[in-house]
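Below is one structure, written out as structure tokens, with a few remarks after it.
Nothing in this text is a laboratory measurement; each read-out follows from the coordinates by a stated rule. Predicted, not measured: the structure shown is a model, and the values here were computed from it. A quick note on method: Cβ atoms are made from the backbone with ideal geometry, for glycine too, and the neighbour counts reach across all protein chains shown.
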Amino acid sequence: MTDSLIGPEPAYDVDDEYRPEPEPIPEPPAWQDGSFRIGIHTSIAGDIAGALDAAAKLGANALQIFSASPRMWPRGGIRIADADAARFRSRRAELGLGPLVVHDNYLINLASPDPVMRTRSIQAFHDELVRAVSLGADFLVAHPGSGLGGDKAQAIAQIAQGIRQAAKGVKLGGLRILVENTSGMGSAVGARFEEIRAILNQTADLPVGVCLDTAHVFEAGFDITGEEGLARTLDLVDRTVGLHRVFLLHVNDSKTPLGSRVDRHEHIGRGKIGLAAFGRILNHPRLGPGPQGVPGRAFILETPIDRPGDDRRNVRALWDLVGVNVQQAPKAENGFSMLRRGRKASAPRAKRKKRKTPKKASAKKG
Ligand SMILES: [Zn+2]
Ligand SMILES: [Zn+2]
């Protein structure tokens, strides 16, 4: 290596005089304008772009989707055809929806002690990242995983390493990975915010944040039903992962009681968390999209659809809670629902009840 102090005088280069314009800072996307962003998980069955229209017809201005079937291992690392991805992105722009959230496959377990499962999980998470980028998604929500009874710290290290391995070579662009808190079923990582902080610390070289699920918070034992409990919980979240890193909330009521560690989502206001608590959560200045919160921070529903229209009613319930009346809110299509009369629900949470087998991984997911 040459030492510039003793090396030859560098030749004067006229190009050195030229100072290119600094790269323009990209305009923040429209959904970060400080307005409330309310969304719902919509089905990609049939046509992936159809999920966008469903969200709009339900009166949402944000949405979450799976980018492939959530209960199957994709064969051969399925990619989305360029033409389909382009069509999806342009339809999303037309509808003005954002943020766009992709939720990862339920079978992925980056902490699996079984090396075959773990390798498969890392590959599948890599494919999730690639598909999310191709769709122009803003966030990819990931369940941390479970060491299935093994050491917690070891599981956390495996998760962080798995995320980093999966992201290797992927140009993430504007995509951010969000680790979701869990209800703590079995030996699932992520019911304690310290565990999520450890994952964030070990993935510090990547854009990683947090998705906070209200049902999971409550089921994990944090009483957010009252004003004081909510404030205490938010302080804890802030001290551990940092509230500024919570980019998204999953807004679900809970069928099961405080600290149950059993994850069952319920309609807003019909569960153990209750409507008044959701009013405080959605309007809390530190959780909102305003100056004390995070611009564009969205509230996304993963509520069941037991009867046609439940999806539309839950979206409407959130707009009501933030004081946006029917005239001001995005216009829902009268009578539209993802669940048609006489058909089984295809939304993520609605199938749960029919499953009695405890071994189903899906039972602790969402
Ligand atoms: Zn969730
Ligand atoms: Zn859940």
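Give the cross-link partners of residue 171 among the aspartates and glutamates, using a straight C-alpha distance below 19 Å as the criterion and excluding same-chain residues fewer than 8 apart.
Those aspartates and glutamates meeting the cut-off are 23, 82, 104, 127, 128, 138, 205.
Using the 2.2 N^0.38 Å rule of thumb for compact globular proteins, work out how the chain stacks up: its C-alpha Rg over that value, please.
With N residues counted in the chain, Rg over 2.2 N^0.38 Å equals 1.05.
In degrees from 0 to 90, rounded to the nearest 10, what is the angle of the helix 152-167 Cα long axis to the longest principal axis of the chain?
Helix 152-167 sits roughly 60 degrees off the main axis of the chain.
Once you have all Cα-Cα distances for segment 74-217, histogram them in 5 Å bins from zero and send the whole-percent values.
So the P(r) values, bin by bin, are 2, 10, 19, 23, 20, 13, 8, 4, 1, 0.
Consider a paramagnetic label point 7 Å from the Cα of residue 151 along Cα→Cβ; state which residues of segment 167-197 have an amide N under 20 Å from it.
Residues passing the 20 Å test: 187-192, 194-197.
Roughly how many whole Å is it from the C-alpha centroid of segment 299-325 to that of segment 59-76?
20 Å
Angle, helix 82-95 long axis vs. longest principal axis of the chain, Cα atoms, 0 to 90°, nearest 10?
With both axes taken from Cα atoms, the answer is about 70 degrees.
Return the single residue from 115, 99, 26 with maximal mean-square fluctuation; model: Gaussian network over the chain, springs between Cα atoms under 10 Å.
Of 115, 99, 26, the Gaussian network model singles out 26 as fluctuating most.
Check cross-link reach from residue 255 to the aspartates and glutamates: straight Cα distance under 18 Å, and skip same-chain residues fewer than eight apart.
Hits, sequence-local ones excluded: 213, 219, 223, 263, 266, 302, 306, 310, 311.
Treating the Cα atoms of segment 156-198 as identical point scatterers in vacuum, please give the log10 of the normalised Debye intensity I(q)/I(0) at q = 0.19, 0.20, 0.21 Å⁻¹, two decimals.
-0.67, -0.72, -0.77
So what is the calculated 222 nm ellipticity per residue for the chain, using -39500 (n - 2.57) for each DSSP H run with n of 4 or more, over all residues, to the nearest 500 deg cm²/dmol? Each step should come with its number before you reach the end.
Working: 9 runs with 109 residues, N = 366.
That comes out to -9500 deg cm²/dmol.
Working only with C-alpha atoms, what are the Rg and Dmax values of segment 200-297, expressed in angstrom?
Reported Rg and Dmax, both Å: 13.4, 41.
If you count the DSSP beta bridges with both ends in the chain, what percent of them are antiparallel, to the nearest 5? Working shown, then result.
On the way: 3 of 33 bridges.
Restricted to the chain, the bridges split so that about 10 percent are antiparallel.
What is the magnitude of the charge dipole of the chain about its Cα centre, with +1 placed on the Cβ of each Lys and Arg, -1 on the Cβ of each Asp and Glu, and no other charges, expressed in debye to the nearest 20? If you can, show how the numbers build up before the last one.
On the way: 51 positive and 41 negative charges, 594 e Å.
Computed charge dipole of the chain: roughly 2860 debye.
Based on the alpha-carbon gyration tensor of segment 255-299, what equivalent-ellipsoid semi-axes (square roots of 5 times the eigenvalues) come out, in whole Å, largest first? Please list the in-between numbers first.
Numbers: eigenvalues 121, 24, 16 Å².
Calculated on Cα positions only, the semi-axes equal 25, 11, 9 Å.
Counting residues in segment 45-111 as N, plug N into 2.2 N^0.38 Å and put the Cα Rg over that result.
Rg over 2.2 N^0.38 Å, computed on Cα atoms: 1.19.
Rounded to the nearest Å, what's the spacing between the alpha carbon centres of segment 250-267 and segment 153-210? Just the number, please.
Each part reduced to its Cα centre gives a spacing of 23 Å.
Compare the Cα positions of 257, 189, 38 along the charge dipole of the chain (+1 at Cβ of Lys, Arg; -1 at Cβ of Asp, Glu; about the Cα centre) and return the one farthest towards the positive end.
Of the candidates, 257 comes out farthest on the positive side.
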